[in-house]
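Okay, structure first, notes after.
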Amino acid sequence: MRFLVVVFFIFIAIQGSAQENPQNNEGQLHGNFQADIQYYNKDSSIGAPIVPEKLLMNSYANFNYSRGKFAAGVRFEGYMNTLQGFPNEGGKNNGFGVPIRWAIYKADELEITVGNYYDQFGSGLIFRSYEDKNLGYDNAMDGVKLKYEPFRGIALKGIIGYQRLYFEKGPGIVRGVDGEINLNEAISFLSTKLTQIIFGGSFVSKYQKDEDPIYKLPENVGAFAGRMNITHGKVAVSAEYAYKINDPSGDNNFIYKPGEGLIFNASYSQKGLGILFSAKRLDNMSFRSDRNANLNNLSINYLPSITKTHTYNLAAMYPYATQPNGELGAQAEVMYKIPKESLFGGRYGTGINVGFSRANNIKKIALNDTIGIGERGTDGYKSDWFDVGDEIFFQDFNIEINKKFTDKISTIITYQNLIYNYDILRGTSGHGSVYSDVVIVDFTYKFRSDYSLRTELQHMYTKQDQRNWAMGLMEFTIPNWFFTVFDQWNYGNEDANKRIHYFSAGFGYIKNANRIQITYGKQREGIMCVGGVCRAVPASNGVMVSISSTF
């Protein structure tokens, strides 16, 4: 709170200085505001939970000031009360406050941050602090961060602090260092070489007091990682390996097995052609500053999913959730542009994207005949690096064809074949796996450059879960305005009472940096995932108002 008072007076001083001297433009104040408000109707037909308040709101406002080598900012947040489906354990997220406040000072090669900050070491395997408002996720650090560049091409970081937990802090202290060297910048004779080489390494540890009455738990848990990134013309290759010492927690049933993770990426690109390949292996890599935390709370690291992030509704109905306790997966994608004026390219060319991803369990072997796999208080199990388990967690084969026929007409046609292990990825039992086929046609007609009508037709065929779905959408755009109507219909549900139309209609107004959108309709229950991090979305019926602005 003292920090907030200091920042407040800084803003007052800036305002007064600007009024006294309008020509003084050295200092800059920027920010943004966002409010998402929903009014909930009772709707037992879709299983919508009753909302006592009727109207809920999530809101955010950032104010950031910079001048010369100094920068500072605060974020006000108000949840009155938190929207349904966003993290809110026992009402911990309800209320209004200033959970984010920070100041940065740059002194030549040194940069000092105090207060809250976000950062990432490498690909995030052992440390990533970030936020995603769509998920209600925010594990901001609160402490001190130092960045130092002693020589050209060499960058060092040091962090220490607590992690954000709603309006409070988690009990564990997180500490870490990271170093990276760009050989082409650090070594002068390599600066003109086509091959670019970057190496990096990290170490992160957490401290949490051991208060377990039964087991002796490590109070200091360390993890280290090494990475490299090499590019040569059209080819790029990167990899990162991470190792974490034994870290018994609620995520792994309090076993003492160390954790390991490996991510590998390769790409090739030239005009009209792009090829991507990724592979990942995770084994016992959950890493939190509180060993008893659940949901997405207090995660120190980030374990990305190497699957395509679909934006179309039915293709995204069964998203993948990263499995930190063990998964082995790979993804490949080929993007090709059929040349213009060719037989299949036509006047504008034709884009084709083909993607495939798959994730399996890792094969776990019992330590001996008397200890079960993953038994609490033991070393858990053994696992060979190259043994792929027999259980498929997720598989996605997709093809997308992007074709522009005339200046006014364009289409995107998508096909997806999916295998989704419902029990593993939703943490349930008795559902088995979902096998689905999805076809999507996205058609856009431009009446003129600033008037357009976009139509989506989607269909999902599956014999599992809720069975077949159909969806139709129309979106009309004119200068500053857009209007949308769509309907999802679970017409294949075995229960006739659940063959429901999820109808929705809305409109929005955009002018400069201001945006207002109002939507009315029903929302189906499901799971929303971004980058392998997920949250449950409850069914709802009502009016949603979204307002945002930047300055």
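The values are calculated or read from the model by the stated rules, or taken from the named source; none is laboratory data. Small disclaimer: the values here were computed from a predicted structure and weren't measured. We place every Cβ from the backbone using ideal geometry, glycine too, and count neighbours over all the protein chains shown. Note: accessible area is taken over every heavy atom of the protein model, side chains too, but ligands, DNA and RNA are not part of it. Shrake-Rupley method; radii C 1.70, N 1.55, O 1.52, S 1.80 Å.
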key: Top-ranked residue in region 255-276 [being part of a strand (DSSP E or B) and within 21 Å of Ile338 (Cα to Cα); ranked as least open to solvent (accessible area, probe 1.4 Å)]   = Gly274
key: Counted residues, region 502-527 - those being open to solvent by 60 Å² or more (accessible area, probe 1.4 Å), in contact with a Lys or Arg (Cβ under 8 Å, 6 or more places away or on another chain) and either closer than 29 Å to Lys308 by Cα or in contact (Cβ under 8 Å) with a residue 40 or more places away in the chain (or both)   = 1
inquiry  = For region 443-464, which positions are crowded, with 19+ Cβ neighbours inside 10 Å and in contact (Cβ under 8 Å) with a residue 40 or more places away in the chain?
reply    = Glu456, Gln458, Met460
query = Going through region 277-307 one residue at a time, which ones are touching a Phe, Trp or Tyr at 6+ places or on another chain (Cβ under 9 Å), open to solvent by less than 40 Å² (accessible area, probe 1.4 Å) and either part of a strand (DSSP E or B) or over 23 Å from Leu425 (Cα atoms) (or both)?
reply = Ser278, Ala279, Lys280, Arg281, Asp283, Ser289, Ser299
query = Out of region 113-169, which residues are in a strand (DSSP E or B), under 14 Å from Ser202 (Cα atoms) and either out of contact with any strand residue (DSSP E or B) (no Cβ under 9 Å at 6 or more places or on another chain) or polar (S, T, N, Q) (or both)?
reply = Gln120
ask   = If the Cβ limit is 9 Å and pairs must be 6+ apart or interchain, which residue in region 190-205 that is farther than 17 Å from Gly153 by Cβ and open to solvent by 50 Å² or more (accessible area, probe 1.4 Å) pairs with which residue that is part of a strand (DSSP E or B) and among the aromatic types (Phe, Trp, Tyr)?
value = Phe203/Phe224
request  = Return the residue satisfying two criteria in turn: it lies in region 220-236 and is open to solvent by less than 40 Å² (accessible area, probe 1.4 Å), within 24 Å of the chain's Cα centre (by Cα) and of a type in the set (A, V, I, L, M), and of such residues it is farthest from Gly172 (Cα to Cα).
outcome  = Ala236
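If I ask for residues that are under 30 Å from Glu219 (Cβ atoms) and among the small types (Gly, Ala, Ser), which ones from region 180-206 would you list? I'd like the intermediate steps shown before the answer.
Here is the first cut: in region 180-206, the ones under 30 Å from Glu219 (Cβ atoms) are 180, 200-206.
Across region 180-206, the qualifying residues are Gly200, Gly201, Ser202, Ser205.
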ask   = Within region 161-170, is there a residue that is open to solvent by less than 30 Å² (accessible area, probe 1.4 Å), out of contact with any Asp or Glu (no Cβ under 6 Å at 6 or more places or on another chain) and among the acidic types (Asp, Glu)?
value = no
inquiry  = List the residue pairs whose Cβ atoms are under 7 Å apart, where the first residue sits in region 275-296 and is hydroxyl-bearing (Ser, Thr, Tyr), the second is assigned to a loop (DSSP other than H, G, I, E, B), and the two are 6 or more positions apart or on different chains.
reply    = Ser278/Ile306; Ser286/Ser249; Ser286/Pro324; Ser286/Asn325; Ser289/Gln208; Ser289/Leu298; Ser289/Ile300
task = Among the residues of region 115-144, write down those that are among the aliphatic types (A, V, I, L, M), crowded, with 16+ Cβ neighbours inside 10 Å and free of Cβ contacts under 8 Å to residues at least 40 places away in the same chain.
result = Met141
